[in-house]
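Below: one structure, written as structure tokens.
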Amino acid sequence: MEHNTMNLTLKVWRQKNANDRGNFETYQVSDISSEMSFLEMFDVLNERLIREGKDPIAFDHDCREGICGMCSMYIDGKPHGPWTQNTTCQLHMRAFKDGDTIVVEPWRAKAFPVVKDLVVDRTSFDRIIQAGGYISVNTGNAVDANALPVEKEKADAAFAAAACIGCGACVAACKNSSALLFVSAKVAHLALLPQGDPERKTRVVNMVAQMDKEGFGSCTATGACEATCPKGITIENIARLNKEYMVASLTSK
Amino acid sequence: MLDAKIPSGPLDQKWTDYKGHCKLVNPANKRKLEVIIVGTGLAGASAAAALGELGYKVKAFCFQDSPRRAHSIAAQGGINAAKNYQNDGDSVFRLFYDTIKGGDYRAREANVHRLAEVSANIIDQCVAQGVPFAREYGGLLSNRSFGGTQVQRTFYAAGQTGQQLLIGAYQALERQVALGNVDMYNRHEMLEVVVIDGKARGIITRDLITGKLERHFGHCVLLCSGGYGNVFYLSTNAMGSNVTAAWKAHKAGAYFGNPCFTQIHPTCIPVSGDHQSKLTLMSESLRNDGRIWVPKKQGDNRRPNEIPEEERDYYLERRYPAFGNLVPRDVASRAAKERCDAGYGVGSSKQAVYLDYAAAIERYGKGEANKRGLDHASKEEIIAMGKDVVKEKYGNLFDMYEKITGENPYEVPMRIYPAVHYTMGGLWVDYELMTTVPGLYALGEANFSDHGANRLGASALMQGLADGYFVIPYTLGNYLADEIRTSAIPTSHAAFEAAEKSVKDRIEKLMSIKGAQTVESFHKRLGKIMWDKCGMARNSQGLQEAITEIQALKKEFWSDLRIPGEINEMNFELDKAGRVADFIELGELMCKDALDRAESCGGHFREESQTEEGEALRHDDRFMYVSAWEYKGDHNWELHKESLDYEVVKPSQRSYK
């Protein structure tokens, strides 16, 4: 593969801990290969900072193949940066050119408080799942997997919703910091399958209630979440959630 | 000789008999028994959910910000199960046999048979949880094939099977959290096992946000902390995957089984430069349809599409006509290395081979044209239809390849090269998954048990979930039934005190070195030694050199390491330093084990031991055993052996020709 190198200016959010006010710091990086991933560019910078006796930039990352959902940088005003349907760890430096200035911030949302630098606390997502994002089946209770056929179309749609990696980019992209795309993906995934049917009413009501409790904002249907989602989760799921929610509200006792 | 406590009786009755006779704990007592689980991947999350459902008081720990991030999530291709939904001759016995043979006759028969038996229950359980496996138009589950088998027994969810299974287990776990049966500790790392009167009774953890050390009591401790492939620095593991929990257990008395058995996966995206931080796998499922080749001419610099068909060497199809591109991983990896070493490699580094989809695209395109009755479809139309089919099957993998390499795999063949992927070795466990420390268990990739010297594709997910959902709920009860009289031990106990102090001392020692070199630089150097001398091919001289080099590296590490920041704050460099320190010690043991095993088997290829055709040559007369290493002090281990007695399968020279 052809590659070139570039020199860049980075403006990165630094915040020592949750109580610190935080500020932007500017760094120059040079000889960055276009073949590097965005996080590898941060590795190079951090190695240099350590050698210079400075504190490296804390950021979350783990699998570095776009599936664990841990990486979470807000790059030039976009969660996960300029590419579509992509995570920060899969963003490569060929997306940038020599001389660029890149601004990097953490996710900003009341329900995702900053822990340090670019690291945020997303445990609110876990608590939303605890409120009902599951099917209540104990181990050992299952019938044969093929006992209940599922229409391919529905199975495919359920899979498309289940592809959510829980990164929180939808919240970070939303002007209201709404988590509705995340919640709706789970509601839709389970409501589309016959196995999820028995609990569909309580599930949607409880998950939405928990979402509100966590301090996420309301959905005003701008579609920023869908445009940002690294896994292409569509706002059709929000429509499904609204339908589920309405049915549940009208028919619950 | 070590005793694995394998139940007596015929192979296919052992597990049934065990379940019928093992001790049980009544529900009222379960509520008083505390279980600690370290790691929340497939094994840990499924164990936490299953044990929570049973009524035990569970505490689960993970170093990530949520249990849903564990690296099981990255598994792509699928999960095996002996369902025989395809009516193609599959059975529990076949799955058992393929796994034993695939592991090159270095796995325990009884464990593998149990794994094959429970495999079908896993699929049932996952479907009931809402795991959206791929389906056919009739609404029933779809299957595909994987390496080392001749049946279609792999269930999948596009290229994201691990993700879907883990989310299923994670949701089951979160349900137990909501019900109050499981306490979940995110961003916590286990740094010591507490042993009291010879039994595992708890752990010391570090809160990775505040740096605070914590003591946790448990009547037993389950390690589900994954594999140690990151000892090679570059691997397909997540950046955080580490051996620390298993290594602490090892130093606390748990034997380490077959540490040198490492799986090098044949289809990964090649290294692009020194900056490389990890390698990305391209699923083995791609070998279902892709063809692997190199040019017939050495050093051929033409673009792949300019090399005519007759000048391509489809070396796997040539060498292994019966299995072709679907030979097991160890065989495929070595064959790729052989071609590249001989000067036939491709790409700028010449350390790559092609994985080509042109033939599959054309074949699928023709199939579509037939289906739609388009007798006169042009070549372009056929290719376009074929690309659509390939996109549906492997789209996410192709997209990933393009993002990383900047090349379009629908147009040019992918370049691939083997990379470290999985470790068959791990903590030695008996039939009940208990290590040599009573009350300390190891599940999933963290144990050594089921894959012998080479794991077959789509079997890691199967084993992780088998251990967590269907094995440990029985075997743990058999132990805890005798613990109902043990009340919770206060964490002010001297053993907790001492364990916490040793953790604290070690952290302070690491921080006080104040040298010049970074953790990352040491890790890279360790990885290079391991890859060069304990990688795809090993020999006696190289391994001895590696041991000396690693010992020197350890000295340098402990005298010239630089860790920035403080102890009592979020400090990723400090976290990593502790892990790399453990990897260095493990690396030495791996080389020692590889040196001891002077035979080739599965992924362990000793150059001194090969057939005339360059295939792995086992020596069953001398090496029909599991190596279980006991830690005796710095650079000092004692080898124990567990004899492998095959009652049903007759070990033979593995042939995929």
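Check whether at least one residue in the range A:198-208 is modelled with pLDDT of 95 or more and facing chain B (nearest Cβ under 8 Å), and report yes or no.
No, because not a single residue in the range A:198-208 is modelled with pLDDT of 95 or more and facing chain B (nearest Cβ under 8 Å).
Taking residue B:392 and the conditions (1) within 30 Å of the chain's Cα centre (by Cα); (2) in contact (Cβ under 8 Å) with a residue 12 or more places away in the chain; (3) under 20 Å from residue B:145 (Cβ atoms), which numbered condition does it fall short on, given that it satisfies the others?
Among (1) within 30 Å of the chain's Cα centre (by Cα); (2) in contact (Cβ under 8 Å) with a residue 12 or more places away in the chain; (3) under 20 Å from residue B:145 (Cβ atoms), residue B:392 violates only (2).
Can you confirm whether the range A:130-141 contains a residue that is modelled with pLDDT under 95 and touching a Pro at 6+ places or on another chain (Cβ under 9 Å)?
yes
Check B:295, B:308 and return the single one that is more than 17 Å from residue B:77 (Cα to Cα) and in contact with an Asp or Glu (Cβ under 7 Å, 6 or more places away or on another chain).
After applying the criteria, what remains is B:295.
So residue B:149 fits all but one of (1) at pLDDT 95 or above; (2) over 30 Å from residue B:180 (Cβ atoms); (3) buried (at least 22 other Cβ atoms within 10 Å of the Cβ); (4) hydroxyl-bearing (Ser, Thr, Tyr); what number is the exception?
That leaves (1) as the condition not met.
Conditions first: (1) crowded, with 22+ Cβ neighbours inside 10 Å; (2) within 11 Å of another protein chain (Cβ to nearest Cβ). Residue B:180 passes all but one, so which condition is the exception?
(1)
Show me the helices (runs of 4 or more DSSP H) entirely contained within the range A:176-253 in which 3 or more residues are open to solvent by 20 Å² or more (accessible area, probe 1.4 Å) and not acidic (Asp, Glu).
A:200-213, A:224-228, A:236-251
Per-residue answers, yes or no, for (1) at negative phi; (2) surrounded by fewer than 22 Cβ atoms within 10 Å (Cβ to Cβ); (3) at the interface with chain B (Cβ under 9 Å from one of its Cβ atoms); (4) modelled with pLDDT under 95:
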site	(1), (2), (3), (4)
A:35	yes, yes, yes, yes
A:69	no, no, yes, no
A:82	yes, yes, no, no
A:93	yes, no, no, no
A:101	yes, yes, no, no
A:109	yes, no, no, no
A:128	yes, no, no, no
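Which is modelled with pLDDT under 95, more than 14 Å from every other protein chain (Cβ to nearest Cβ) and not in a helix (DSSP H, G or I), of B:374, B:355?
Checking each option against the conditions leaves just B:374.
Name the residues in the range B:254-268 that are open to solvent by less than 10 Å² (accessible area, probe 1.4 Å) and part of a loop (DSSP other than H, G, I, E, B), would you?
Passing the criteria: B:254, B:258, B:259, B:260, B:261.
Kindly list the number of the only condition in (1) facing another protein chain (nearest Cβ under 8 Å); (2) open to solvent by 10 Å² or more (accessible area, probe 1.4 Å); (3) of a type outside the set (Asp, Glu) that fails for residue A:39.
The one condition residue A:39 does not meet is (2).
Got a sec? Which of B:477, B:515, B:468, B:535 is under 30 Å from residue B:417 (Cβ atoms) and either open to solvent by less than 30 Å² (accessible area, probe 1.4 Å) or modelled with pLDDT under 95 (or both)?
None of the others qualify; the one that does is B:535.
So if I check each of B:653, B:610, which one is of a type in the set (S, T, N, Q) and loosely packed, with under 13 Cβ neighbours inside 10 Å?
Step by step, each of B:653, B:610 is checked, and only B:653 is of a type in the set (S, T, N, Q) and loosely packed, with under 13 Cβ neighbours inside 10 Å.
Are any of the residues in the range B:79-89 assigned to a helix (DSSP H, G or I), more than 14 Å from chain A (Cβ to nearest Cβ) and either within 23 Å of residue B:425 (Cβ to Cβ) or not polar (S, T, N, Q) (or both)?
No, because not a single residue in the range B:79-89 is assigned to a helix (DSSP H, G or I), more than 14 Å from chain A (Cβ to nearest Cβ) and either within 23 Å of residue B:425 (Cβ to Cβ) or not polar (S, T, N, Q) (or both).
Select from the range B:295-334 the residues that are crowded, with 18+ Cβ neighbours inside 10 Å, under 24 Å from residue B:656 (Cβ atoms) and in contact (Cβ under 8 Å) with a residue 60 or more places away in the chain and list them in ascending order.
The answer is B:319, B:320, B:323, B:326, B:327, B:328, B:329, B:330, B:331, B:332, B:333, B:334.
Can you tell me which of (1) over 20 Å from the mean Cα position of the chain (by Cα); (2) within 14 Å of chain A (Cβ to nearest Cβ); (3) open to solvent by less than 10 Å² (accessible area, probe 1.4 Å) is the one residue B:439 doesn't meet?
In the conditions (1) over 20 Å from the mean Cα position of the chain (by Cα); (2) within 14 Å of chain A (Cβ to nearest Cβ); (3) open to solvent by less than 10 Å² (accessible area, probe 1.4 Å), residue B:439 misses (2) alone.
Just to verify a result, which residue in the range B:554-569, among those that are among the aliphatic types (A, V, I, L, M) and buried (at least 19 other Cβ atoms within 10 Å of the Cβ), is nearest to the other protein chains (Cβ to nearest Cβ)?
Here the residue is B:563.
Kindly evaluate residue B:465 against the criterion of being within 14 Å of chain A (Cβ to nearest Cβ) and more than 21 Å from residue B:249 (Cβ to Cβ).
yes
So, of the residues in the range B:152-177 that are among the polar types (S, T, N, Q) and open to solvent by less than 10 Å² (accessible area, probe 1.4 Å), which turns out to be farthest from the other protein chains (Cβ to nearest Cβ)?
Restricting to residues being among the polar types (S, T, N, Q) and open to solvent by less than 10 Å² (accessible area, probe 1.4 Å), the top hit is B:154.
For residue B:471, work out the one condition from (1) outside any helix (DSSP H, G or I); (2) within 14 Å of chain A (Cβ to nearest Cβ) it doesn't fulfil.
(1)
Filter the range B:274-294 down to residues that are of a type in the set (D, E, K, R) and touching a residue at least 60 places away in the same chain (Cβ under 8 Å) and give me whichever is nearest to the other protein chains (Cβ to nearest Cβ).
By that ranking, first place goes to B:284.
Output yes when any residue across the range B:114-130 is facing chain A (nearest Cβ under 9 Å), under 20 Å from residue B:156 (Cα atoms), of a type in the set (Gly, Ala, Ser) and under 18 Å from the mean Cα position of the chain (by Cα), and no when none is.
For the range B:114-130, residues facing chain A (nearest Cβ under 9 Å), under 20 Å from residue B:156 (Cα atoms), of a type in the set (Gly, Ala, Ser) and under 18 Å from the mean Cα position of the chain (by Cα): absent.
Please state which one of B:11, B:33, B:2 is aliphatic (A, V, I, L, M) and farther than 20 Å from residue B:441 by Cα.
Just one listed residue meets the conditions, B:11.
From (1) within 14 Å of chain A (Cβ to nearest Cβ); (2) assigned to a loop (DSSP other than H, G, I, E, B), pick out the condition that doesn't hold for residue B:485.
(1)
For the condition in contact with a helix residue (DSSP H, G or I) (Cβ under 7 Å, 6 or more places away or on another chain) and over 23 Å from residue B:81 (Cβ atoms), what is the one hit in B:477, B:426, B:444, B:439?
Of the residues listed, the single one that is in contact with a helix residue (DSSP H, G or I) (Cβ under 7 Å, 6 or more places away or on another chain) and over 23 Å from residue B:81 (Cβ atoms) is B:439.
Determine which member of the set B:55, B:103 is open to solvent by 10 Å² or more (accessible area, probe 1.4 Å), at pLDDT 95 or above, out of contact with any Phe, Trp or Tyr (no Cβ under 7 Å at 6 or more places or on another chain) and not polar (S, T, N, Q).
B:55
Among the listed residues B:175, B:114, which satisfies the condition of being closer than 24 Å to residue B:601 by Cβ and part of a helix (DSSP H, G or I)?
After applying the criteria, what remains is B:114.
Among the residues of the range A:135-156 satisfying the criterion of being facing chain B (nearest Cβ under 7 Å) and not in a loop (DSSP other than H, G, I, E, B), which is surrounded by the fewest Cβ atoms within 10 Å (Cβ to Cβ)?
The qualifying residue surrounded by the fewest Cβ atoms within 10 Å (Cβ to Cβ) is A:152.
The values are calculated or read from the model by the stated rules, or taken from the named source; none is laboratory data. Keep in mind that this is a model prediction, so the values were computed, not measured. Quick reminder, even Gly has a Cβ in these numbers, built from the backbone with ideal geometry, and neighbours come from all protein chains shown. Each accessible area value is taken on the protein alone, full model and side chains, heavy atoms only, with ligands, DNA and RNA left out. Shrake-Rupley method; radii C 1.70, N 1.55, O 1.52, S 1.80 Å.
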